[in-house]
Number of protein chains: 2
Amino acid sequence: MTPSTRGARKPRRPYHHGNLRRALLDEALATIRAEGVDGLTLRAIGARVGVSRTALYRHFADKRALLTAVAIEGFRTLRQQLVTAWEAGGRGDAAFQSMGLAYVRFAVANPSHYRVMFGGFVDPKARDPELAAEAEGAFQALVDALAALQRDAVMRGDDTVLMARYVWALVHGVATLGIDGQLREPGAVEELMRYAFERLRTGIAAN
Amino acid sequence: MTPSTRGARKPRRPYHHGNLRRALLDEALATIRAEGVDGLTLRAIGARVGVSRTALYRHFADKRALLTAVAIEGFRTLRQQLVTAWEAGGRGDAAFQSMGLAYVRFAVANPSHYRVMFGGFVDPKARDPELAAEAEGAFQALVDALAALQRDAVMRGDDTVLMARYVWALVHGVATLGIDGQLREPGAVEELMRYAFERLRTGIAAN
DNA sequence: CCTCCAATGTTGCCAACGTCAACATCAGAG
DNA sequence: CTCTGATGTTGACGTTGGCAACATTGGAGG
């Protein structure tokens with residue numbers, strides 16, 4: 001927004017891009033959303049950003065590193081959505097269900113992105129520490145909410161992390177089944193979510 | 001290398017293989033297990049079976065078709081394991097938990113295979129009808145068990161399919177989280193499964 | 001203002017891959 | 001024994017990820 005005013009600006013695209021890393025990431029995300037993970041090719045990304053095919057390697061070690069960055073961004077967004085749902089919902093019982101819905105909505109609205117985060121596209125062993133941290137952060141949002149509910153004696157006093165994992169597995173399961181087309185009938189995901197939360201509460205609420 | 005068919009390696013490797021389709025499938029499965037889905041190349045499969053790279057195309061339309069066949073086989077095996085656990089466990093309350101354990105064990109023991117079944121490697125739309133049928137069959141094992149428990153008034157009388165989907169989502173969630181390395185600590189999967197079933201029962205048991 | 005350098009972007013090139021087309025071989029029906 | 005459809009092979013092509021060598025640039029130090 002504040003370019004230096006020296007000299008005549010050239011209509012020609014400059015050699016250096018400015019913020020190529022960001023642009024590549026955005027384009028990768030858009031491509032994944034539009035054509036799926038398989039549709040992502042480094043050459044196409046470069047072309048669409050208006051840069052040569054290998055420019056990407058100045059910002060990402062390889063294709064997997066790009067996908068890892070995409071996954072990191074996904075976990076960041078997810079955490080943000082979860083926290084927003086929890087806080088906007090009043091940090092209470094209903095807000096907890098809101099979080100669950102937000103989680104599944106994120107997955108269903110961004111299936112390919114979600115798959116990059118969980119589908120084993122990133123190195124299973126020797127995981128990127130930043131990715132691990134960001135994933136942990138999203139999970140922590142769930143743990144925090146549960147801890148608050150436990151404090152208010154709304155939920156059982158079991159090990160918080162264990163309870164959180166239980167809830168996480170449930171919403172993650174619903175989300176992935178929905179994404180993979182195992183729940184085809186329209187409204188099936190919503191119906192399942194409603195039932196799941198009803199039964200979940202019976203299972204983990206303080207009696 | 002002699003392209004001649006008189007190699008002494010096996011009893012006669014004639015021009016025609018005999019049951020190439022089966023052999024290709026088995027080799028594909030072994031490769032996937034050993035090197036992951038990404039490590040699967042048609043050329044390597046052919047070479048390892050002792051056949052040329054394109055022989056595969058007489059038995060599978062393309063790579064996706066091969067993966068679909070792998071997924072079909074996976075669902076068949078999974079259903080079998082589930083049914084076995086249910087029946088061997090006495091078709092009762094404990095047997096139901098056995099089924100859940102068998103499910104997660106299958107996934108954790110065959111992570112790559114499980115990913116082929118659920119990871120979006122097969123066509124999301126226009127799914128192979130045989131694949132859909134086989135997946136439905138595995139799910140049906142769960143539905144049947146639940147229905148039996150409902151008949152014996154062990155479980156709530158809710159819509160059986162809905163309940164089954166709930167349970168499915170839960171075990172599927174635990175399984176995929178475990179596979180993707182989100183539950184790293186040794187024993188975390190087992191601990192979660194134990195807790196999950198305890199809470200699940202509280203949620204869906206007949207009061 | 002000039003010079004030089006490290007960061008950034010480009011072109012040439014390669015091996016591996018999936019897949020098609022044309023050809024080779026075989027098993028079994030007639 | 002012959003013919004034919006099924007099965008397997010060879011050659012080739014376009015695409016992809018990635019390396020190496022080269023080009024361009026903004027900016028720091030003189």
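Summary table below
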| quantity | calculated |
| --- | --- |
| First in region A:93-121 and without any contact (Cβ under 8 Å) to a residue 24 or more places away in the chain, second anywhere and assigned to a helix (DSSP H, G or I) and small (Gly, Ala, Ser), Cβ under 6 Å, 6 or more apart | A:Ser98/A:Ala85; A:Ala102/A:Ala85 |
| Condition met for B:Leu20 (near DNA strand D (Cβ under 9 Å from one of its atoms), at pLDDT below 95, closer than 24 Å to B:Glu130 by Cα and surrounded by 11 or more Cβ atoms within 10 Å (Cβ to Cβ)) | yes |
| Those residues of region B:19-46 which are within 9 Å of DNA strand C (Cβ to nearest atom) and either farther than 25 Å from A:Asp38 by Cβ or not charged (D, E, K, R) (or both), in sequence order | B:Gly39, B:Leu40, B:Thr41, B:Leu42, B:Ala44, B:Ile45, B:Gly46 |
| Test for A:Val108: is it surrounded by fewer than 19 Cβ atoms within 10 Å (Cβ to Cβ) and hydrophobic (A, V, I, L, M, F, W, C) | yes |
| Residue that is modelled with pLDDT of 95 or more and surrounded by 14 or more Cβ atoms within 10 Å (Cβ to Cβ), where the choices are B:Ala61, B:Ala30, B:Ala44 | B:Ala44 |
| Condition met for B:Ala138 (of a type in the set (A, V, I, L, M) and in contact (Cβ under 8 Å) with a residue 60 or more places away in the chain) | yes |
| Segments classed as helices (runs of 4 or more DSSP H), wholly inside region A:20-122, with at least 2 members that are among the charged types (D, E, K, R) | A:20-35, A:42-49, A:63-88, A:93-109 |
| Residue check, B:Ala133 without any contact (Cβ under 8 Å) to a residue 12 or more places away in the chain, hydrophobic (A, V, I, L, M, F, W, C), more than 10 Å from chain A (Cβ to nearest Cβ) and part of a helix (DSSP H, G or I) | yes |
| Candidate set: region A:176-202, residues that are within 8 Å of chain B (Cβ to nearest Cβ) and within 17 Å of the chain's Cα centre (by Cα); chosen: the one farthest from A:Leu82 (Cα to Cα) | A:Asp180 |
| Test: residue in region A:7-15 that is surrounded by 11 or more Cβ atoms within 10 Å (Cβ to Cβ) and either modelled with pLDDT of 95 or more or of a type outside the set (D, E, K, R) (or both) | no |
| Candidates B:Arg76, B:Arg165, B:Arg127 - the one that is away from chain A (no Cβ under 12 Å), closer than 20 Å to A:Leu183 by Cα and among the basic types (Lys, Arg) | B:Arg76 |
| Close pairs (6 angstrom Cβ cut-off, 6 or more residues apart or separate chains): away from DNA strand C (no atom under 16 Å from the Cβ) in region A:61-78, not in a helix (DSSP H, G or I) anywhere | A:Leu67/A:Phe121; A:Thr68/A:Val122; A:Thr68/A:Asp128; A:Ala71/A:Val122 |
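The values are calculated or read from the model by the stated rules, or taken from the named source; none is laboratory data. The shown structure was predicted, so the numbers you read here are calculated from the model rather than taken from an experiment. Quick reminder, even Gly has a Cβ in these numbers, built from the backbone with ideal geometry, and neighbours come from all protein chains shown.
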